[in-house]
Amino acid sequence: MTTRLVVRGVGKRFVRWRSELLRVLAWFGIPFKPTEEHWVLRDINFSVRSGESVGIVGQNGAGKSTLLKLITGTSRPTVGSISQVGSVSAILELGMGFNPDLTGRQNVFHAAGLMGHSQQAIAEVMDDIEAFAEIGDYFDAPVRTYSSGMQMRVAFSVATAFQPDLLIVDEALSVGDAYFVHKCFDRIRAYREAGTSLLFVSHDPGAVQALCDRAILIDGGRVVLDSDPKQVIDYYNALIARKEKGEIAVEEGADRQSKVESGTQEAVIDEIHLLDADGRPTEYIEAGRPVTLRARASIRAPLERLVFGYMLRDRLGQVIFGTNTYHTEQVLEGLDAGQVVVFDAKFLANLGPGTYSVSVALTDAQDHLGRNYQWKDTALVFSVANVDHPYFIGCNWMAPTITASATSH
């Protein structure tokens, strides 16, 4: 299998000089020490194979956009090397450098020309680009009259008009409306099936897990984790939740699945079970039957507030449902060390056949951005079977009522 992209030992440093003269003299090898230097990226190593889809995940300022600029050649690495095989198409920022005084059509010729396509080839696909963008008469209006969503429509249409060997997508899709984003994802999936490699940067964990074969977590300019998307997203969530006293632990479960945990441990869930309708612990559930998620929490330090939350995910890590006692207005207050709290969440398992996992959290607010006592991914795994419902597909049993009537002409 062809390797489309190889990044080896890449680092990017930005420096500030006391004067432009010192900067120029440094270009000629004269050893002057800069006033300030900052390494945005250090020792980045990874590769992307033909047809592989890789997500890049990280908080703002982690170095993701800088890395993509190095890969596309709009910036050069300070150290290390980047090699590519085949054609590359990238959407790194809104508008792709469109000239605001030119029309959408004129900008298509300009942008696609910079990508290496001939004017004749661009003209041959112009109708397809216009049709995919779906901006009507605005296609022949100046880009300065476009909304951000319209710019994204044209930018994506141009970048994907010719199937590339490697497609790079930054956060540009975040400004699109739901309908067009679905169109974009459909085209990306079609290109993937046809052999195009994808490098995808997004803060949307669902999109990363749906589109990517693996993901890379960048934090502080370094690769923290290169693994399957679910594990990377779990670790990313733990990084966000980590506080000064919090730690992150990765445990290898008996099922060989990595389980990420973080928090201050001032309150911890030491027991968690799924109970059937008779109150018995179970790992196997019939679709549509009542179940209870029971979590036993030990309080290790005085707490002003305590919020319990849980989240169900399918086997791919996609979130099926989640809530917490903040949103249900059941926040506990004034807890003392040594107390034990039992949470029971009762619901109907209206789920499709398959395996699911439960993630749990103890915090002091509506999310883990407050004080995170404990965040535990894959705390429990269970299976759902369809025993007495008509056959259906998907992750949710929605109990339909279908009527059908036929009339004569």
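Work out the count of Lys pairs in the chain where the Cα-Cα distance is under 24 Å, with the pair 8 or more places apart or on different chains.
14
Give the relative contact order (percent, whole number) for the chain; include only Cα pairs under 8 Å separated by 6+ residues. It would help to have the intermediate numbers written out before the result.
Details: 849 pairs, mean separation 56.6, N = 409.
For the chain, the relative contact order is 14 percent.
Would you please put 289-295, 155-161, 193-199 in order of how densely packed they are, using the mean number of other Cβ atoms within 10 angstrom per residue and starting with the highest?
155-161, 193-199, 289-295
Show me 48-58, 218-228 ranked by packing, highest mean number of other Cβ atoms within 10 Å first.
Going from most to least packed, we get 48-58, 218-228.
Efficiency by 1/(1 + (r/R0)^6): what FRET value for Arg144 and Phe14, r their Cβ-Cβ distance, R0 = 22 Å, to the nearest 0.05?
E between Arg144 and Phe14, to the nearest 0.05, is 0.10.
Can you divide the C-alpha Rg of region 73-193 by 2.2 N^0.38 Å and report the result to two decimal places?
1.06
Quick one: Cα centre-to-centre distance for region 145-202 and region 298-342, in angstrom?
Taking the Cα centre of region 298-342 as reference, the centre of region 145-202 is 38 Å away.
Report the charge-dipole magnitude of region 36-152 in Debye, nearest 20, computed about the Cα centre from +1 at each Lys and Arg Cβ and -1 at each Asp and Glu Cβ.
500
Just to verify a number: FRET efficiency for Val340 and Phe392, C-beta to C-beta distance, R0 = 45 Å, to 0.05?
Efficiency computed from Cβ-Cβ geometry: 0.65.
For volume of the Cα convex hull per residue in Å³, several values are listed as (1) 179; (2) 236; (3) 164; flag the one computed from this structure.
The calculated read-out lines up with (2).
Can you tell me the length gained on complete extension of the stretch Gln59 to Ile240, counting 0.36 nm per residue apart and subtracting the Cα distance?
Full extension of this stretch gives 64.4 nm more.
Full-extension gain between Arg305 and Val79, please, as 0.36 nm times their residue separation minus the C-alpha to C-alpha distance. Please report the intermediate quantities before stating the final value.
Working: separation 226, 0.36 × 226 = 81.36 nm, distance 4.87 nm.
Answer, rounded to one decimal: 76.5 nm.
Tilt of helix 148-159 relative to the longest C-alpha principal axis of the chain, in degrees (0 to 90, nearest 10)?
Between helix and principal axis, roughly 70 degrees.
Eigenvalues of the Cα gyration tensor times 5, then square-rooted: what semi-axes does that give for region 257-302, in whole angstrom, largest first?
Computed over region 257-302, the values are 27, 14, 7 Å.
With an 8 Å cut-off on Cα pairs and a minimum separation of 6 or more residues, tell me the relative contact order of region 276-409 in percent.
Computed over region 276-409, the figure is 30 percent.
Based on the Cβ-Cβ distance from Asp177 to His203, what FRET efficiency comes out when R0 is 25 Å, to the nearest 0.05? Could the numbers behind the result be given before it?
Details: r = 18 Å, r/R0 = 0.71.
In this case the efficiency is close to 0.90.
Hey, rough spin-label estimate for Arg296 and Asn350, points 7 angstrom out along Cα→Cβ, what's it come to in nanometres?
3.2
Values in this text are rule-based calculations from the coordinates and carry no lab data. It should be emphasised that the depicted structure is a prediction, and the values quoted were computed from it without experimental measurement. No Cβ is skipped: glycine too gets one built from the backbone with ideal geometry, and neighbour counts run over all protein chains shown.
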